[in-house]
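Engineer: To start, I am sharing the structure in question, which I have written as structure tokens.
Just so you know, all these numbers are worked out from the coordinates, no wet-lab data involved. Just so it is clear, the structure is predicted and the values come from calculations on it, not from any experiment. All Cβ positions, even for glycine, are placed from backbone atoms using ideal geometry, and neighbour counts span all protein chains on display.
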Amino acid sequence: MTIFCVGRNYVDHAKELNNPLPKKPIIFCKPATALLKDNKAFYYPDFSKDIHYELEIVLKIGKNGKSIPMEKASEHYSHIGLGIDFTARDIQQECKEKGLPWEIAKGFDNSAVLSDWLPKEELNLNNIQFSLTKNNSLVQQGESKDMIFNFDFVISYISQYFRLNVGDIIYTGTPSGVGPISIKDFFEGYIGEKRMFYCEIK
Ligand code: ZN
């Protein structure tokens, strides 16, 4: 199982980090050991002092494919989930400055919070509204229609480089409002009104 992630897929988030808008999706991977499911707590690791939350819609691949054309891409994902792409912003900043890969800032253990899945038929895929609360206050709010690269584009693009297999998952990028986490914080992610996950920081 591979975890793919898209960086800078919302205009307002790219702006808040002073990043230029990408002309092509920015793709990176996390190892399977990054997954944090079943509302388990996240333990703050000691290698970073600035871990940020990034709330993201997650796709589950339901059909194998390689070099998938855009018009067939929607056949290749079956479910929608919600997750957090935890990011060690201090380490990422160092990697970016030196032009180095991001894996240690993005792919560490338990850095990929994941909810249960909803069948995609249950959602209006062009207008999924999702939000994140931190200690009961709203911190992030997004709509899938604001993605720079939509689900079909992302699947088609990734599959040009990586064969997609059933069970692979794709984090599709975060809207604005990212910020730091602290021990004792409590996060809840929603699609519409439905609470998809909670995650306590320990
Ligand atoms: Zn992200």
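Engineer: Excluding Leu132 itself, what net charge comes from residues whose Cβ is under 13 Å from its Cβ, given Lys and Arg +1 and Asp and Glu -1?
Structural biologist: Working: positive: Lys134, Arg195; negative: Glu54, Glu56, Asp85, Asp185, Glu188.
Its environment carries a net charge of -3.
Engineer: Now a separate question. In µm²/s, what is D for segment 53-96 at 10 °C and 1.306 mPa s, where D = kT/(6 pi eta Rh) by Stokes-Einstein and Rh is the Kirkwood radius from Cα pairs? List each step's numbers first, then the result.
Structural biologist: Working: Rh = 12.8 Å.
It diffuses with D of about 124 µm²/s by this estimate.
Engineer: Over 23 Å between Cα atoms: which of Lys37/Lys106; Lys106/Lys184; Lys66/Lys145; Lys37/Lys60; Lys72/Lys120; Lys145/Lys184 fall into that group? List each step's numbers first, then the result.
Structural biologist: On the way: Lys37/Lys106 17 Å; Lys106/Lys184 21 Å; Lys66/Lys145 25 Å; Lys37/Lys60 14 Å; Lys72/Lys120 15 Å; Lys145/Lys184 33 Å.
Pairs exceeding 23 Å: Lys66/Lys145; Lys145/Lys184.
Engineer: With only alpha-carbon atoms in the gyration tensor, what are the semi-axes of the equivalent ellipsoid for the chain, in Å, largest first? Could you put the intermediate results ahead of the total?
Structural biologist: On the way: eigenvalues 116, 77, 53 Å².
Equivalent-ellipsoid dimensions as semi-axes: 24, 20, 16 Å.
Engineer: With respect to the cross-link table entries Lys96/Lys194; Lys24/Lys63; Lys23/Lys98, which display a Cα-Cα separation exceeding 28 Å? Kindly include the intermediate steps, with their values, before the conclusion.
Structural biologist: On the way: Lys96/Lys194 36 Å; Lys24/Lys63 24 Å; Lys23/Lys98 22 Å.
Where the Cα-Cα span goes over 28 Å, the pairs concerned are Lys96/Lys194.
Engineer: Suppose we keep just the DSSP beta bridges with both residues in the chain; what percent of those would be antiparallel, to 5?
Structural biologist: Working: 43 of 49 bridges.
Bridges in the chain that DSSP calls antiparallel: roughly 90 percent.
Engineer: Can you show me the helix-derived [θ] at 222 nm for the chain, built from DSSP H runs with n ≥ 4 at -39,500 (n - 2.57) apiece and divided by the number of residues, rounded to the nearest 500.
Structural biologist: Working: 4 runs with 31 residues, N = 202.
Theoretical 222 nm ellipticity from helices: -4000 deg cm²/dmol.
Engineer: What size of dipole, in debye to the nearest 20, comes out for the chain about its Cα centre when the only charges are +1 on Lys and Arg C-beta atoms and -1 on Asp and Glu C-beta atoms? Write down the numbers at each step before the final one.
Structural biologist: Working: 24 positive and 26 negative charges, 83 e Å.
It works out to roughly 400 debye.
Engineer: Would you kindly derive the ³J(HN,Hα) couplings of segment 162-178 from the backbone phi angles with the Karplus curve 6.51 cos²θ - 1.76 cosθ + 1.60 (θ = phi - 60°), listing them in order in whole Hz, with x for Gly and Pro?
Structural biologist: Calculated HN-Hα couplings, in order: 10, 5, 9, 10, 3, x, 5, 10, 10, 7, 9, x, 10, x, 6, x, 4 Hz.
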